[in-house]
Amino acid sequence: RKEVEQDPGPFNVPEGATVAFNCTYSNSASQSFFWYRQDCRKEPKLLMSVYSSGNEDGRFTAQLNRASQYISLLIRDSKLSDSATYLCVVRKANNLFFGTGTRLTVIP
Amino acid sequence: EAGVTQFPSHSVIEKGQTVTLRCDPISGHDNLYWYRRVMGKEIKFLLHFVKESKQDESGMPNNRFLAERTGGTYSTLKVQPAELEDSGVYFCASSHLGVDFYNEQFFGPGTRLTVL
């Protein structure tokens, strides 16, 4: 069983739309949670950490449900520049475990 | 401040040959990690150095892979002999030493390895 499962998409949404990504993780001992963004043929870059109380950064909102082992990312008012692959990432000890990523394309 | 750098950016070799990948972490980062993404799969952890010591190498696929970090600065990952299934993108990441579970790992641009 994979450590992190997420819907690969693709998600094609118009500019201005709201889009939500979900992922689940298998190991209840996981310690911290992140969303990374990866542009085509580039390295993953941290988008935001995900805290138990939920957190928001501008148009981005992340939620964590430890009981259900579920993480979400909500993007409001999508921009063309949001087009990328969004990676759900879980940390256990010092190591990161990645989902396969969800591909988002924002259409003009 | 310079980010994590990796060399080469691309490498195409034949099955049975040897390839050495290099990673230079962000200056002052004691943690150094190697990850790999093979086609269609998720990025997977290979190993973790703290300074020059291997902290965790549980993700290394087999003994054809050898990682070193002499002097605790840059690291090399050697694949010898390379097999077709070793093709993929090899990422290096680094971070500060610390117990903060939200300590960010910064990734390099990756080395795209193709084994023919």
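Computed from the coordinates by the stated procedures, all read-outs in this text should not be read as laboratory data. Source: prediction; values computed, not measured. As a convention, Cβ positions derive from the backbone with ideal geometry for all residues, glycine included, and neighbour counts pool all protein chains shown.
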(request) Could you tell me which of the pairs A:Lys45/B:Lys78; A:Lys42/B:Lys51; A:Lys79/B:Lys51 are separated by over 29 angstrom between their Cα atoms in the structure shown? (result) A:Lys79/B:Lys51
(request) Over the alpha-carbon set of region B:1-102, work out the extent along each principal axis and list the three values in angstrom, largest first. (result) 39, 23, 22
(message) With +1 assigned to the C-beta of every Lys and Arg and -1 to the C-beta of every Asp and Glu, and no other charges, what is the dipole magnitude of the protein assembly as shown about the Cα centre in debye, to the nearest 20?
(response) 320 debye
(request) Note down the net charge around A:Ala29, summing +1 for each Lys or Arg and -1 for each Asp or Glu among other residues with Cβ under 13 Å from its Cβ. (result) +2
(message) Once you order the gyration tensor axes a ≥ b ≥ c over the Cα atoms, which shape class does the protein assembly as shown get: rounded for a/c under 1.5, otherwise prolate or oblate by comparing a/b with b/c?
(response) prolate
(message) Quick one: 3J(HN,Hα) in Hz for region A:49-55, Karplus 6.51/-1.76/1.60 with θ = phi - 60°, rounded, Gly and Pro as x.
(response) 7, 10, 9, 4, 7, x, 8
(request) Counting residues in region A:64-104 as N, plug N into 2.2 N^0.38 Å and put the Cα Rg over that result. (result) 1.39
